[in-house]
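The values are calculated or read from the model by the stated rules, or taken from the named source; none is laboratory data. All values derive from a computational prediction rather than experimental measurement. When we count neighbours, we look across all protein chains shown, and the Cβ atoms used for this are built from the backbone with ideal geometry, even at glycine.
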Amino acid sequence: MADLAFTLNGQQQTLSIDEGTPLLWVLRDHLAMTGTKFGCGMGLCGACTVHLDGSPIRSCSYPAQYVSGRSITTIEGLAESDDALHPVQQAWLEMNVPQCGYCQSGQIMSAVALLANNSAPTDADIDSAMAGNICRCGTYPRIRKAIHRAAE
Ligand code: FES
């Protein structure tokens, strides 16, 4: 077992986990943060994307013990309050991005990280930054539009 203490969406968390437990399991099964999804489990699809100290990581293949002392943000922690949306979430709604929706929390987390580093991304910037987030419904054109809308 390993003791884990980290900040999740601005709140301190402490728990004991089996060494090597992926962060995604801790988020979903121990802390009920089910907005982050399991897709491939191998770091290939991006459905499980969360932010570690502001940078996107694949939580399915990131051992939770390495987040000790650090800060994790999930889709649940993006908005500043329960009755507000993050500007990227708002743009997603306005552009009607989701189809089945399964990959979208990961898509949004990657988009937020992109815009934090590049406030006016080109289509090529978007395609490059979002290449690791797979959408089986093919919502890529709407994702691109929503990122441009959020950047306005
Ligand atoms: Fe983590 Fe696919 S579930 S990258």
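Among the residues of the range 100-121, write down those that are farther than 11 Å from Ala151 by Cα and of a type outside the set (A, V, I, L, M, F, W, C).
Of everything in the range 100-121, those that are farther than 11 Å from Ala151 by Cα and of a type outside the set (A, V, I, L, M, F, W, C) turn out to be Gly101, Tyr102, Gln104, Ser105, Gly106, Gln107, Ser110, Asn117.
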Item to complete: Answer with yes or no whether Ile126 is surrounded by 22 or more Cβ atoms within 10 Å (Cβ to Cβ), without any contact (Cβ under 8 Å) to a residue 24 or more places away in the chain and not acidic (Asp, Glu).
Response: yes
Response to the item:
Pairs returned, first residue in the range 105-120 that is more than 13 Å from Ile57 (Cα to Cα) and without any contact (Cβ under 8 Å) to a residue 24 or more places away in the chain, second residue that is in a helix (DSSP H, G or I) and more than 16 Å from the ligand (Cβ to nearest atom), beta-carbon separation under 6 angstrom, 6 or more apart or interchain, are Asn118/Asp125
Worksheet entry | Tally of residues being part of a helix (DSSP H, G or I), without any contact (Cβ under 8 Å) to a residue 60 or more places away in the chain and aliphatic (A, V, I, L, M) across the range 85-104 | 2
Fill in: Residue list for the range 9-65, restricted to those being out of contact with any strand residue (DSSP E or B) (no Cβ under 9 Å at 6 or more places or on another chain), more than 16 Å from the ligand (Cβ to nearest atom) and of a type outside the set (A, V, I, L, M)
Gln11
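Every residue, every condition in (1) in contact with a Cys (Cβ under 6 Å, 6 or more places away or on another chain); (2) within 20 Å of Tyr102 (Cα to Cα); (3) modelled with pLDDT of 95 or more, yes or no:
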| position | (1), (2), (3) |
| --- | --- |
| Met1 | no, no, no |
| Gln11 | no, no, yes |
| Trp25 | no, yes, yes |
| Met33 | no, yes, yes |
| Ser55 | no, no, yes |
| Cys60 | yes, yes, yes |
| Val67 | no, no, yes |
| Glu76 | no, yes, yes |
Worksheet entry | the range 75-104: number of residues that are touching a His at 6+ places or on another chain (Cβ under 8 Å) and polar (S, T, N, Q) | 0
Worksheet entry | Residues satisfying the stated conditions in the range 75-84, i.e. within 15 Å of the chain's Cα centre (by Cα) and either over 20 Å from Ala47 (Cβ atoms) or among the aliphatic types (A, V, I, L, M) (or both) | Ile75, Leu78, Ala79
Fill in: Where Ile134 falls short, out of the listed (1) in contact with a helix residue (DSSP H, G or I) (Cβ under 8 Å, 6 or more places away or on another chain); (2) surrounded by fewer than 23 Cβ atoms within 10 Å (Cβ to Cβ)
(1)
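Okay, residues lined up against (1) within 26 Å of Val26 (Cβ to Cβ); (2) touching a Gly at 6+ places or on another chain (Cβ under 9 Å); (3) part of a loop (DSSP other than H, G, I, E, B):
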residue	(1), (2), (3)
Gln107	yes, yes, no
Ala116	yes, yes, no
Ala120	no, no, yes
Asn133	yes, yes, yes
His148	no, no, no
Worksheet item: Quick one: would you say His86 is within 15 Å of the ligand (Cβ to nearest atom) and of a type outside the set (Gly, Ala, Ser)?
Response: no
